[in-house]
Amino acid sequence: MNTERSPGTRRSMPDDILRNPALAAEGHRKIEWVRRNMPVLRSLEERFSREQPFAGIRAAVSVHLEAKTAYLALVMAAGGAQVSVTGSNPLSTKDDVVAALQELGLHVYAWHGATPQEFEEHQLTALRIAPHVVIDDGGDLVHHLHEGAREFSRDTLGGCEETTAGVLRNRARSVAGKLRFPVIAVNNAQMKHLFDNRYGTGHSTMDALMRTTNRVLTGATLVVAGYGWCGRGIASCAAGLGARVIVCEVDEVKALEAVMDGYRVMPLGPLEEGGACAAREGDFFVTATGVCDVITPREVACMKDGAVLANAGHFYDEIDLEGLAAMAGEVQEVRENLTGYRLEDGRWINLIAQGKIVNIAAADGHPAEIMDTSFAVQALSAEYVVLSARGGTPLPPEVIPVPAAIDQGVARLLLAARGIRHDTLTAAQQAYLDDFNK
Ligand SMILES: NC(=O)c1ccc[n+]([C@@H]2O[C@H](COP(=O)([O-])OP(=O)(O)OC[C@H]3O[C@@H](n4cnc5c(N)ncnc54)[C@H](O)[C@@H]3O)[C@@H](O)[C@H]2O)c1
């Protein structure tokens, strides 16, 4: 394994790209706050500082660049890694956190509100470190390492993918026989999606809806498209706040699961002229499908005056923005992060955060306690990639599940941090389970 530092040393890296170094103090405060609320990562920071598993390793990190991600990058650095950091969405990047990280000696390439061209340039610049390990969210870094930035993948041992959309993207590349290094499906670990996608997205999406609109969810009708891990969390948090929830699903089993969980299930748009559909009933609409064109002019045409649209999926093509704009006679910024579209008949349809990932672009993302376990899985998966290569058994170039030992280890660390004790099987119970003659 080549861990020469020359391509990524600070001197040979281009200047960090950040807008306002004067913001660093606020960034440090935010990072310290999340550190206090991320006990699992703190215990990894302590072990990594001692054991230095990433000594000689260059890591590129592209996750929504706010305080919790910053702390993950610092934990990797504490383990000896040389780290370059960029964002995974220009609207979720927090400039104060960027400034703080830069002050702490990491290479940082991001600013809030970057144009699509600037955003891509930031990602490509972060890859000039020629990473051994990539922490990715949505598959962009891995994509660049296979396409325009291929030369920087010469030492890449593997990637660790944070979200459903990125796992699917890497799996498609693998099925096409084009994945050139292993990618660990961090999203699919139990200690990730059971908590992050479900409770984290549910909690922070409600936060984003309320703080952006200052409207009440109690008694309102909230339509959620997609009843996967994110959709389940959004539905249960909305119901907990007293909203009436309608679920829209394409998967028959999940549609039935939503019914059994107590929600109404309806098609999002009318199946026939004038037919009943969720679009006519909703006050709030949240997409969480990972698929494009979920809300299109066809659905918008049925909506009530004042309807609020938001997307919690990773990519922002779940709502057809061009179609919405084409229907509008007038477009106004009605509140911060909220755009009103006035249709020809006078109805206003409101869109949060330009259809970008709502809980991060219009709120603070998942709570620190949630990201604690997600990022612990990330850090341990990165360590798994490195140790496998160092041990002479590099992982194959496939999408690889997180080993169960990592999932269980993270759960154990969190239980210990919370002082929660639990039962274990007795020897007799284990023997009973192992006995096929019983
Ligand atoms: N906002 C966040 O913080 C956050 C967190 C985790 C994941 N994500 C992203 O959210 C999206 C969903 O993630 P997930 O983990 O819930 O995925 P999932 O695969 O568990 O669920 C997606 C669901 O959407 C359904 N679906 C697909 N097309 C649909 C359509 N046209 N109409 C209705 N339902 C449809 C699928 O059948 C599936 O049940 C992905 O893009 C993922 O990357 C966002």
- Note on the structure: Here D for the chain, in µm²/s, from Stokes-Einstein with a Kirkwood Rh over Cα pairs at 20 °C and 1.002 mPa s, works out to 94 µm²/s
- How do the peptides 80-91, 24-35, 370-381, 274-285 rank, highest first, by the average count of neighbouring beta carbon atoms within 10 Å per residue? 370-381, 80-91, 274-285, 24-35
- Using modelled amide H (1.01 Å from N, peptide plane; none on Pro or chain starts), what sits under 5 Å from the amide H of THR93, excluding residues fewer than 5 places away? LEU65, GLY113
- Item | Backbone HN-Hα couplings from phi across region 156-168 [Karplus 6.51/-1.76/1.60, Hz, Gly and Pro as x] | 5, 8, x, x, 10, 9, 7, 10, 3, 4, x, 4, 5
- Relative packing of 41-47, 424-430, which averages over residues the other C-beta atoms within 10 Å, highest first: 41-47, 424-430
- Query: Based on the mean of other beta carbon atoms within 10 Å per residue, what is the order of 123-133, 177-187, most packed first?
  - Reply: 123-133, 177-187
- Item | Residues with amide H under 5 Å from that of VAL83, placed H, sequence gap 5 or more | ALA59, HIS107
- Note on the structure: The answer for GluC sites (Glu not before Pro) in region 110-181 that fall in a DSSP coil and have at most 12 neighbouring Cβ atoms within 10 Å is GLU147
- Message: How many angstrom lie between the Cα centre of region 185-212 and the Cα centre of region 360-421?
- Response: 16 Å
- Task: Round to the nearest 10 and give me the degree value, 0 to 90, for the angle of helix 229-240's Cα axis relative to the longest principal axis of the chain.
- Result: 50 degrees
- Mind giving me the nanometre distance, one decimal, between the label points for ASN214 and VAL253, set 7 Å out from Cα along Cα→Cβ? 4.6 nm
- P(r) of region 87-196 over all Cα-Cα pairs, 5 Å bins starting at 0, rounded to whole percent, reads 2, 12, 20, 22, 21, 16, 7, 1, 0
- Note on the structure: With all protein chains present, region 145-214 has a carbon and sulfur share of its accessible area (1.4 Å probe) in percent of 50 percent
- Query: Do the sum for the chain: with -39,500 (n - 2.57) for every DSSP H run of n ≥ 4, divided by all residues, what is the mean residue ellipticity at 222 nm, to the nearest 500 deg cm²/dmol?
  - Reply: -12000 deg cm²/dmol
- At a 1.4 Å probe, what is the % contribution of carbon and sulfur to the accessible area of region 287-438? 53 percent
- Express the accessible area of the chain per residue in Å², computed with a 1.4 Å probe while the remaining protein chains stay in the model. 43 Å²
- With unit charges on the beta carbon (Lys/Arg positive, Asp/Glu negative), name the residue among VAL308, THR424, VAL385 whose Cα is farthest towards the positive pole of the charge dipole of the chain. THR424
- Return the long-range amide H neighbours of VAL183 (sequence gap of 5 or more, or a different chain), with a cut-off of under 5 Å between placed amide H atoms. GLY159, GLU398, VAL399, ILE400
- Query: Give me the log10 of I(q) over I(0) for region 197-361 at q = 0.09, 0.13, 0.18, 0.21 Å⁻¹, as the Debye formula computes it from C-alpha points; what are the numbers?
  - Reply: -0.24, -0.53, -1.07, -1.51
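The values are calculated or read from the model by the stated rules, or taken from the named source; none is laboratory data. Just so we're clear, the structure is a prediction, and the values are computed from it rather than from any experiment. As a convention, Cβ positions derive from the backbone with ideal geometry for all residues, glycine included, and neighbour counts pool all protein chains shown. Only protein heavy atoms, including side chains, enter the accessible area calculation; ligands, DNA and RNA are left aside. Shrake-Rupley method; radii C 1.70, N 1.55, O 1.52, S 1.80 Å.
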